[in-house]
1. Any idea which residue in the stretch 111-140 is nearest to ARG152 (Cα to Cα), counting only those that are touching a strand residue (DSSP E or B) at 6+ places or on another chain (Cβ under 7 Å), among the basic types (Lys, Arg) and without any contact (Cβ under 8 Å) to a residue 24 or more places away in the chain?
2. Restricting attention to the stretch 66-88, report how many residues are in contact with a Ser or Thr (Cβ under 8 Å, 6 or more places away or on another chain), more than 23 Å from TYR167 (Cβ to Cβ) and assigned to a loop (DSSP other than H, G, I, E, B).
Amino acid sequence: MGEGEGGGGQNQLDPPPLTPLSQGEGSLWRWRMKPRLCFIVIWTLIVWVAYSVPLSYCQTEFHGADSVFAGEGITILWAILKGPTEESSWVYIKIVNSGKNPFQIFSVEAVDPFSKEKEWVVKGKKLEKENLLRSNRTSFRDKTARRILFYRSTEAFEKETPDMAVYYLGVPDTSPEVLSEKEMEDYFKKAQERLKK
């Protein structure tokens, strides 16, 4: 009868029993052999938190790529009142509130899309039925982007949790260049009429 055979012998295929010491060493060995797995888990959590913060910051965010935006009861229109130079040209943003969505307050941020540095253009202004904003064309040189924030309550504004935002990377390419305020008002009026059809 060969080695390992017989009633009291140990089968060669069975692993040797683990002692308490070897079990502890095995656990430590397993943790030491899995630093990459730990790194992946931690990095996944960091990325998840980073992406979840902006989503909780604003319930609904739209990308405004055109000079005419309409959604959630809000219409946003852009136009450029062109002067002889860039310094004498003005960018107009008209915000029309239909009243279908109970927004009460709005703000506008100027944002540098690369450094993410931002400054307030308008902050905590009461949202009327029609709102007209004017910025010098040169103000878009460094902080090219604009983020228009809408709040349904004073509490949401104070907590800096807008209920809706519309983000523009810059002045929309489709923004018309007009030479007079009358021409600009005519454009705004016709654009609103087209949206109603």
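1. Per the stated criteria, the residue is LYS126.
2. 4
Coordinate-derived values only; no laboratory data. Being a predicted model, the structure only gives us computed values, none of them experimental. In this analysis, Cβ positions are derived from the backbone assuming ideal geometry, glycine residues included, and neighbour counts consider all displayed protein chains.
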